[in-house]
2 protein chains.
Amino acid sequence: MTYQNDLFLRAARGEKTERPPVWLMRQAGRILPQYRELRAKFPDFKAFVKTPHAAAEATVQPVDELGVDAAIVFSDILVVPEAMGLNYEMIEAKGPKFPKVITGPKDIDILLDGDAAAAHLVYVWDAIAESKKRIDGRIPLIGFAGAPWTIFAYMTEGSGSKTFSVARRMLYQQPEASHALLQKITTTTIAYLKGQIAAGADLLQIFDSWAGELSPEQYRTFAVPYLRQIAEALPEIPKTIFAKGAWFALEDFSELPYQVVGLDWNTPAAFARARVGTEQVLQGNFDPCGLYAPPADIERNVHEMIRQFGPGKHIVNLGHGVYPDTPLDNVKAFVQAVKGFSW
Amino acid sequence: MTYQNDLFLRAARGEKTERPPVWLMRQAGRILPQYRELRAKFPDFKAFVKTPHAAAEATVQPVDELGVDAAIVFSDILVVPEAMGLNYEMIEAKGPKFPKVITGPKDIDILLDGDAAAAHLVYVWDAIAESKKRIDGRIPLIGFAGAPWTIFAYMTEGSGSKTFSVARRMLYQQPEASHALLQKITTTTIAYLKGQIAAGADLLQIFDSWAGELSPEQYRTFAVPYLRQIAEALPEIPKTIFAKGAWFALEDFSELPYQVVGLDWNTPAAFARARVGTEQVLQGNFDPCGLYAPPADIERNVHEMIRQFGPGKHIVNLGHGVYPDTPLDNVKAFVQAVKGFSW
C-alpha cells in the first residue's frame, strides 16, 4: 500500500527522511474538542471503545485536526484481559478496576487464550478497517496492544498502583503460574495483532507501561521473552516497543526484532543510541509537560530535541501520552515545530 | 561519639568493614506488631508524628526487634511544608492531601522559611534527642528530610500523583516562581537539619521520592543545585542522597558532597559504580517485593546482591521503603542474611 504521506513508514523502516515524522501517544483523546463531543454520546468508555464507527471517528480526528504523520487506532490495552475472560470497569477520573483478579493457577486455567480469546476483539479489527477507509490513503495507521507484563500487572493487581507490589509479589511467590499467565496473554496478543494486520494496521506498537516497576533481572525473565515471541510471530510489518521506565532494558531491546524503540522523557537520546546500536529507529521523547510551555518555547525545545537525536532513525513523539488538559494550540505548535524543521 | 556497633558510620565514611551494614527504609512502621499497637493509640498519623516520646518509641522498635545497624527517626517528609505554613492531612490508606496548594508568587511570598519555619519542628528534634537516649549508644541514628523538588511536588500538586503534571507544569510555566519556592524549601530544610544534628543525628538522608518524574535536564536545573546547597551547608556529618528513579543523575551526584548515594532496585550496582566513581558509598538496593519470597530465597538473593556491589563502600538496604504487609519473619531473614555474610 502506498500513502500520500509515507514519511512515518519510511522512517520506521530506517530510511533517511527530510524531517522526522511526528505523532503523539493519546492524540486520539481528550485534547480534541471533537473527541469530547463524541465521547459524551456514550454512557461509558467501554461502550465507546466497542463501537467501531465511533472508535474510527476518534482515530481519524487528530489526522484532520493536527496533521500528524500517523494515526493510531482508538482503543484500550485492557480489551485483551477482557477477551480472555477477566472483566474490567473503567471508572471516570480514576482508571481501570478489575472486580476479580488473578491469584493463582486455578484462575489462570479458566482464561481463554489465543484465537478463542481474540475472537472477542472483532470490534477492534472492525475499527481498524473503518479507520483505514476514512483515512483513505493519506497516512499509515498504527495498531497496538499492551505488553504481556503490563497486562499481567493489571490482571493480578486489579487496578493501577504506585508500586504494583501485588503483581510483583506473584512473580516471586508463583513464578511458574506467572509464566503460565504471561504465556496465555502472549498467545492472545499475537492472535489479536494478526487480526489487526489483516484489518489493515501498517505498524504495531507494544506498550509496556509498567516496565519501570521491574528490576532489570526480572524484566529479562518475565517480560523480554514474551516481547520476543510477539515480534517473531508478526514479521509482516514493522513493530515498536515502548517500555516506560525501562532504560535498563535498552540493550535487551537491541537484540529483539522491533524496528522502533520508544523512549520516555527521562532517557537521553545519546544514552539510548549507545545502547540500541545504529540499526533501530528511536521514537520520542518530548516531555508531555513541555507542552504547557508557551508555543515559542515549544518550537525551540522541539528543534533542540530533534538535533539531539540527529538526522535519520528518529520518529518524533512525546515521552508519554499527551495529558488531557494540554491546550490544543500547544499540541498544534508541537506538530508544526516538527513539520517546520529540516535537516 | 562512639557506638557499640559503629559498622554503619564506618561504612558511610568509606572505611572497609567485615560485612556491609544493614537497615531498611520504613523499618519503623507497619511491618512491626509493636508499631501497629503504638499507632492505634493516636487518633491520626500527624498526632503520632508530633508526639516525641511516641516517635522515639517507633524509632527504637526496629532496633530491638530486627537488630539493624542504624536507626532512623520516625517522622514524615511533609512536616516541612507544614512548618512553612502549608497544612496537610494524612488520609488513611490514601496518603497525604494538601487542602490548599501553591499556584504562584503570592502563595510563595507568605510562606515562612529558614529558622522561622524550622522553629515549628522542635517536636522532631525532641524525638531525635529522646531516641538517642533510648538507643543508649548501641547504634547510630539517621535524621532525614525530603529533597526540595519532592517537597515542591507535594506543595504544588497537593497529593501523590501518577504524573505530577501540575508540579511539572509549574516548572515550565513559572520557572522563576519555582526557583523561589525551591529556595524557601531549601533554607527551611537546612535549618531543620541543623536542628537534627544538634539533637544528635549521626547521618542525614535526603529523600527525593519523585526525582524520576523529571527529565535529566530539569533535574539538573530544579533539583541538583538545591541538593548541593543542603549538603554544603551541613559539613559536620555524613549525608546520603536517595533519589528514586534518578538513574540519569548519578554523574551529577558524583560531584556533590554526599558521602552515600542510595539506589532503587532498577539500578544495577555496576551501572551506578561506573557513574559515581570509586569514592562514594552506595546504599541499597534489594527489591522490596523480594521480601515476599521464601526466606531461603531471600538469603541467597541478598548474598548475590552483596557480591554484585563488591567488598566495601556498600550499605545494604532495600531499593524503596519496606511494604507494610511484608511478613516480619521475612524482614528478619533479610537482616540475618546480611549479618551472616562475610567477605
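Any read-out appearing in this document is the output of simple, stated calculations on the displayed coordinates, not a laboratory observation. What you see is a predicted model; the values in this text were computed from it and never measured. Methodologically, a virtual Cβ is constructed for each residue, glycine included, from the backbone with ideal geometry; neighbour enumeration extends over all protein chains shown.
Tabulated data
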read-out	value
Among the candidates B:Glu130, B:Glu157, residue that is surrounded by 16 or more Cβ atoms within 10 Å (Cβ to Cβ) and closer than 30 Å to B:Leu7 by Cα	B:Glu130
Number of positions in region B:269-315 that are away from every other protein chain (no Cβ under 12 Å), of a type outside the set (Lys, Arg), touching a Lys or Arg at 6+ places or on another chain (Cβ under 9 Å) and crowded, with 19+ Cβ neighbours inside 10 Å	5
Per-region count, region A:160-208, residues among the aromatic types (Phe, Trp, Tyr) and within 25 Å of A:Ala71 (Cα to Cα)	2
Test for B:Ala54: is it surrounded by fewer than 14 Cβ atoms within 10 Å (Cβ to Cβ), out of contact with any strand residue (DSSP E or B) (no Cβ under 8 Å at 6 or more places or on another chain) and more than 23 Å from B:Gly284 (Cα to Cα)	no
Per-region count, region A:284-329, residues part of a helix (DSSP H, G or I) and among the basic types (Lys, Arg)	2
Selected residue [over 30 Å from B:Pro175 (Cβ atoms), surrounded by fewer than 22 Cβ atoms within 10 Å (Cβ to Cβ) and without any contact (Cβ under 8 Å) to a residue 60 or more places away in the chain] from B:Ala116, B:Ala93	B:Ala93
Residue within region B:21-39 that is on the phi > 0 side of the Ramachandran plot and basic (Lys, Arg) present	yes
Condition check for A:Phe242: surrounded by fewer than 22 Cβ atoms within 10 Å (Cβ to Cβ), within 14 Å of the chain's Cα centre (by Cα), within 14 Å of A:Ala147 (Cα to Cα) and not basic (Lys, Arg)	no
From the options A:Leu193, A:Leu250, residue that is in a helix (DSSP H, G or I), more than 11 Å from every other protein chain (Cβ to nearest Cβ), closer than 30 Å to B:Arg220 by Cα and in contact with a strand residue (DSSP E or B) (Cβ under 9 Å, 6 or more places away or on another chain)	A:Leu250
Enumeration of residues in region A:267-297 that are among the β-branched types (Val, Ile, Thr), touching a helix residue (DSSP H, G or I) at 6+ places or on another chain (Cβ under 6 Å) and farther than 17 Å from A:Met25 by Cβ	A:Val276
Qualifying residue in region A:322-337 (condition: within 12 Å of another protein chain (Cβ to nearest Cβ), touching a Lys or Arg at 6+ places or on another chain (Cβ under 9 Å) and of a type in the set (Gly, Ala, Ser))	no
Failed item, numbered, when A:Leu256 is tested on (1) surrounded by fewer than 23 Cβ atoms within 10 Å (Cβ to Cβ); (2) within 12 Å of chain B (Cβ to nearest Cβ); (3) not in a helix (DSSP H, G or I)	(2)
Residue check for B:Gln4: surrounded by fewer than 17 Cβ atoms within 10 Å (Cβ to Cβ) and in contact (Cβ under 8 Å) with a residue 24 or more places away in the chain	yes
Within region B:196-246, tally of residues that are within 14 Å of chain A (Cβ to nearest Cβ) and farther than 22 Å from B:Phe8 by Cα	17
Test: residue in region A:59-68 that is closer than 22 Å to A:Ile237 by Cα, in contact with a Pro (Cβ under 8 Å, 6 or more places away or on another chain) and β-branched (Val, Ile, Thr)	yes
Residue match in region B:198-216 (condition: under 17 Å from A:Gly290 (Cβ atoms), out of contact with any strand residue (DSSP E or B) (no Cβ under 7 Å at 6 or more places or on another chain) and among the aliphatic types (A, V, I, L, M))	yes
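Matching residues to (1) in contact (Cβ under 8 Å) with a residue 60 or more places away in the chain; (2) among the aromatic types (Phe, Trp, Tyr); (3) closer than 29 Å to B:Gln283 by Cα:
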position	(1), (2), (3)
B:Gly14	yes, no, yes
B:Leu38	no, no, no
B:Gly67	yes, no, yes
B:Pro99	no, no, no
B:Leu111	yes, no, no
